[in-house]
Amino acid sequence: MDGRLDSSRLESLLESARLLHESLNLEDRLGHLLRAVMGRLLATKGAVAVERQGRFAGALARGLPTLAKGAALDEAAAQAAGLNLVFKIGDAAKPTGLLALARIGNRPLAEGEREFLDALLGLATSSIANAKAHEETVAANRSLAQRIQELRALVDLGRGLAATTDPDEIAQMLTLTLAGRWGVRKHAVITWKANQDDLARVKGWALPPVDLLQRAIAGQREQPWVRAESLPIELRLSLDLPEGAVLFPIRSGDENTGVLLCGPRLAKGGYSEADLEFGAGLVAQASVAFENAWHFRETLEKKKIEQELEVAAGIRRDLFPKVIPALRQTELAARNRQARQVGGDYYDVMPVGTPGPDSAHLLCVCDISGKGVSASLLMANIQATLRAVVTQDLPLPLLAARTNDLLWASTPPN
């Protein structure tokens, strides 16, 4: 047979070259190559695959129902499938792909057919390489776009968290961000910070017992997430964690103060490492926001207590006499300095009967056991009782007894 390519083969090559470069999609190019080869060489079955990380994968096949699309392909698998003609695409030492065929009657290739095939595979080598490069570029751009979206989500969440000091709002923003990003139907945020109100925002399942959640994330100091599959089966069942769920500890320093639970993703494939890193970043921001909110509440509570103590101190100061009465035969002076902002020390000078420099006065000095608001309240009770009793103009023993009876009835046993 003439060793040169005849006009029909040249036309076929030109048409194949046009089809191979018509689309940038790798699968389209492989499909064009397989159809062109099988049609020209009268092959009944064929498969083609691309080299990926040292193996041939992403197979396309015709006439081979047992070979799944996208499966791996090598010479042994091709021979087992009845494909007796196997060709490497590109450099034999570092091939771009693999082509396998089965012809009618398993006939070998004639010289002209082999030359046609070599020429076509030569065209396909650069075409496949270009398509792979395009595919990698698209994947890189897609990954970059995803990273940009994640960065925007982090920035948006950070702004939202900075604008609130309400732990429930923080939990809501966190779950809405992740549920919207991942398509998660079941999620929960639960916190148990000491001296703070417990928070539980749960959707899709019953509220898990806090002690079991604490066990699930106990010892997770380095890893910012826990996959449900890594937990003991009895703990998973007790928490009703389905396969594919993940837990993110909420931390305050080295202490676990809560947990975010996310159920399985609606999309196939579950959570990738990139997904979990993104989630951990959001939870880290939320952890700081929770801590700031709790600290803000503590500060407000302390401020409120200080204001109440200041009011109580002002009331206590008003219970002391504004002016010590001037008595004709007695000089009186008094001063009080509290050990604390509010205390229970008390003195008073009260006229018995009509006030005046010559009238009798009741002198009272009182030191109440203890300090603080409780002592101040008891002091106010004593002052009110004395001022009520002294108007009755009783002898001092009766006045003391009457006062004692009234105080005994209106004060706790201790």
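Note on the stretch 185-196: among residues that are touching a strand residue (DSSP E or B) at 6+ places or on another chain (Cβ under 9 Å) and more than 15 Å from Ser287 (Cα to Cα), the one that is surrounded by the fewest Cβ atoms within 10 Å (Cβ to Cβ) is Arg185.
Among the candidates Leu73, Leu64, Leu26, the residue that is aliphatic (A, V, I, L, M), touching a residue at least 40 places away in the same chain (Cβ under 8 Å) and over 19 Å from Leu117 (Cα atoms) is uniquely Leu26. Checked against the criterion of being in a strand (DSSP E or B), under 57 Å from the mean Cα position of the chain (by Cα) and without any contact (Cβ under 8 Å) to a residue 40 or more places away in the chain, the stretch 370-379 has no qualifying residue. Within the option set Gly39, Gly31, Gly82, Gly46, being without any contact (Cβ under 8 Å) to a residue 60 or more places away in the chain and on the phi > 0 side of the Ramachandran plot holds for one residue only, Gly82. Criterion applied to Ala77, Ala124 was being surrounded by 18 or more Cβ atoms within 10 Å (Cβ to Cβ), more than 17 Å from Leu34 (Cα to Cα) and in the same structural domain as Glu27 (by TED's automatic domain parsing), and the one residue passing it is Ala77. Scanning the stretch 368-414 for residues that are of a type in the set (Val, Ile, Thr), closer than 17 Å to Pro351 by Cα and surrounded by 15 or more Cβ atoms within 10 Å (Cβ to Cβ) yields a total of 5. Scanning the stretch 229-273 for residues that are crowded, with 21+ Cβ neighbours inside 10 Å, small (Gly, Ala, Ser) and free of Cβ contacts under 8 Å to residues at least 60 places away in the same chain gives a single hit, Ala245.
Note on the stretch 318-329: among residues that are touching a residue at least 12 places away in the same chain (Cβ under 8 Å) and either of a type in the set (Val, Ile, Thr) or surrounded by 11 or more Cβ atoms within 10 Å (Cβ to Cβ) (or both), the one that is farthest from Tyr347 (Cα to Cα) is Leu327. Scanning the stretch 341-375 for residues that are closer than 24 Å to Glu306 by Cβ and modelled with pLDDT of 80 or more returns Asp345, Tyr346. Scan the stretch 333-363 for residues that are under 14 Å from Leu319 (Cβ atoms) and surrounded by fewer than 16 Cβ atoms within 10 Å (Cβ to Cβ) and the total you get is 3.
Among the residues making up the stretch 160-170, those that are touching a strand residue (DSSP E or B) at 6+ places or on another chain (Cβ under 9 Å) and in contact (Cβ under 8 Å) with a residue 60 or more places away in the chain are Pro167, Ile170.
Filtering the stretch 295-346 to residues that are more than 30 Å from Asp358 (Cα to Cα) and of a type in the set (Ser, Thr, Tyr) leaves only Thr299.
A count restricted to the stretch 175-184 and to residues that are touching a strand residue (DSSP E or B) at 6+ places or on another chain (Cβ under 6 Å) and either among the small types (Gly, Ala, Ser) or more than 19 Å from Glu273 (Cβ to Cβ) (or both) stands at 2. Collect the residues in the stretch 73-114 that are part of a helix (DSSP H, G or I), of a type outside the set (Gly, Ala, Ser) and more than 17 Å from Ala61 (Cα to Cα), keeping them in residue-number order. Scanning the stretch 73-114 gives Asn106, Glu111, Glu113, Arg114. Scanning the stretch 268-309 for residues that are within 26 Å of Trp182 (Cβ to Cβ), assigned to a helix (DSSP H, G or I) and charged (D, E, K, R) gives Glu273, Asp275, Glu277, Glu291. Return yes when Ala129 is farther than 28 Å from Phe248 by Cβ, surrounded by 13 or more Cβ atoms within 10 Å (Cβ to Cβ) and either in contact with a strand residue (DSSP E or B) (Cβ under 8 Å, 6 or more places away or on another chain) or modelled with pLDDT under 80 (or both) and no when it is not. Criteria met by Ala129.
The values are calculated or read from the model by the stated rules, or taken from the named source; none is laboratory data. In this text, all values refer to a predicted model and were calculated from it rather than measured experimentally. In this analysis, Cβ positions are derived from the backbone assuming ideal geometry, glycine residues included, and neighbour counts consider all displayed protein chains.
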